[in-house]
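A short reminder: the numbers here are calculations on the coordinates, not readings from a lab. Keep in mind it's a predicted model, so treat the numbers as computed, not measured. No Cβ is skipped: glycine too gets one built from the backbone with ideal geometry, and neighbour counts run over all protein chains shown.
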Amino acid sequence: MKLVWRYLSWCLLAGLALQVFFLARIASMAVVAPESTAFMRSEMVRVGVKALLGDKAWRWSQEWVEPKAISTHLRRAVIASEDGGFVNHAGVDWAAIESAWDKNQRRQAQAEKRAAAAAARAAQKPNAAPPRTRPAKIIGGSTITQQLAKNLFLSGERNLLRKGQELVLALMIEAVLDKDRILTIYLNSVEWGHGVFGAQAASQRYFKKSAAQLSRVEAARLAVMLPSPKFFETRTGSAYLSNRAGTTLARMPSVELP
């Protein structure tokens, strides 16, 4: 039994030490721009492997710019699209998480119902191909701060432990950094396509101009790519993207900036 308690004590100490490390890293970001994020580093490995295998289409682009070099339109558009309550919450929007949970439960129930119906139809046709059903599309309730916490420090795997660490990191970030700095780091590190990170790289990639020169419409189109940038990278002219950009444009004037 003593061995078990000793093991648990060491685990607890290791966990606390990790939190102290995270807090120190976050505090340093108040004055020093992070050179990379955990997500960037994982993508660097993937891009590097692709390049070694001879894929010439792969590229890497990321450039840190100060807040004055990022269009106010883009700052408004990203908040309008990703996190309307950004300036008011303390890192976690509990109401949004609860709403996302309820929607995901309903979608999962609908997916299970579709799967059961497909299985019943297949049972009537023994020689038919196995039925294919779409899995439930899971949505999140993450704030900009939570997204930044995940990108900076965590892996892409989905489990309760990682989500719990994300919430703790988000609260740390909000406690140490002001909203303007959080948004600046986010806009300089978020992914906007395969190997495309940050507002400056995205602006050059899609509009051949600097992030400071983005128009309202261009900013809105970039903002609505963020949930699935690799998907929309090759579908920039899609009707869905245009409709979402129009919705974001309508919200932008009411957005409160930090």
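General observations
- Cα-centred dipole magnitude for the stretch 186-258, charges only on beta-carbon of K, R (+1) and D, E (-1), debye, nearest 20: 200 debye
- Label-zone membership for the stretch 226-245, site residue 46, 7 angstrom Cα→C-beta point, backbone N under 20 Å: 226-236
- The stretch 133-258 shape via C-alpha gyration tensor axes, a/c threshold 1.5: oblate
- For the pair residue 228 and residue 68, label points projected 7 Å from Cα toward Cβ lie 4.0 nm apart.
- Relative packing of 79-89, 218-228, which averages over residues the other C-beta atoms within 10 Å, highest first: 218-228, 79-89
- Three-way shape label, the stretch 181-224, alpha-carbon gyration tensor, a/c 1.5: oblate
- Averaged over residues, the count of other Cβ atoms within 10 Å places the peptides 12-20, 31-39 in the sequence 31-39, 12-20, highest first.
- Per-pair calculated FRET efficiency, R0 = 30 Å: residue 61 and residue 215 via Cβ, rounded to 0.05: 0.90
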